[in-house]
């Protein structure tokens, strides 16, 4: 980056600075840990020279902090797949169940937006399709941050909600489904796509907020990959050209994951013959009636803090899934 002509090539600059960001995300936590270890050693030496209550308390606090930081770094070592350090596309889709499912999809969207805020991720909404009665039919985001794909890929699959339906006059219990789909942002993907023959393009007017121009022109783009049935759409830009380019990147990323699924048994369970998520493969269940708890079907982790989880406190579920994956690989 210190080379005189480094900044002359914007594409190269973006690639190198992205690599630097990933490397810093891995190295800096270890550097901070080394400093904390040095401070703890210094306090221990003081305590050996003179047993002081205040120094002992400071040392205990430092060791507790060290334990927490070490556990966090341990999780980073589990994010070792080729794309784990990349940004990602994050998609939510309502399942069967009408208004209940659409409302549940919006609840999930709110949960993840709060999680993105907690973790400091940068988020850009690419598309949002409103539900017919309530909630959303689907929403797509571009999520940028250290190890965004590695962490958020743990959320891929079907999420199930059990509650008393607010849309049922008899107040009956209702089970609703919504899916989460995550793809890495990989600019140098080499996937052969015949954009003229295999991809159908539809343009339409953007719905929802976005300004007069967005709503009055057919700037939104929907791409359907005919051989697999995969559908992506982008409507956040005023330019149809920019929306088309972003949608092509999203579709390419999905096709890339589908190719990976042929070699990865775990992904193969999630993606069916047409590349769609199978509704039977629920990864996590959220019970709001008759008891309140959240249970992850992959790790067995259970929490009674439903309010906190639906407010974005899901890191422990993600951590547990990372450890499960590492155990399966070993």
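Bear in mind these aren't lab numbers, they're just calculated from the coordinates by the rules spelled out. Computed from a predicted structure; not experimentally measured. Neighbour counts run over all protein chains shown; Cβ positions are idealised from the backbone, glycine included.
Quick one: angle between helix 53-78 and the longest Cα principal axis of the chain, in degrees between 0 and 90, rounded to 10, please. Roughly 40 degrees between the two axes.
Relative to the longest principal axis of the Cα atoms of the chain, helix 240-261 runs at roughly 70 degrees.
If packing is taken as the average count of other Cβ atoms within 10 Å, what order do 251-259, 169-177 fall into, highest mean first?
Highest to lowest by the protection proxy: 251-259, 169-177.
Got the relative contact order for the chain handy, in percent, Cα pairs under 8 Å and 6 or more residues apart?
16 percent
By the compact-protein rule of thumb, 2.2 N^0.38 Å, the alpha-carbon radius of gyration of the chain corresponds to a ratio of 1.15.
First obtain the Kirkwood hydrodynamic radius of the range 1-125 from its Cα pairs, then insert it into the Stokes-Einstein equation at 20 °C and 1.002 mPa s, and state the resulting D in µm² per second as a whole number. Rounded, D is 111 µm²/s.
How fast does the range 6-78 diffuse by Stokes-Einstein, in µm²/s, taking the Kirkwood radius from C-alpha pairs at 25 °C and 0.890 mPa s? D, rounded to a whole number, is 166 µm²/s.
If packing is taken as the average count of other Cβ atoms within 10 Å, what order do 130-141, 96-107, 74-85, 12-23 fall into, highest mean first? Working shown, then result.
Numbers: 130-141: 18.5, 96-107: 21.8, 74-85: 16.0, 12-23: 12.6.
Put in order of decreasing packing, that is 96-107, 130-141, 74-85, 12-23.
Working ranking of peptides 62-69, 230-237, 294-301 by packing, defined as the average number of other Cβ atoms within 10 Å per residue, highest first, is 230-237, 294-301, 62-69. Model label sites at residue 323 and residue 240, defined 7 Å from Cα along the beta-carbon direction, differ in position by 5.3 nm.
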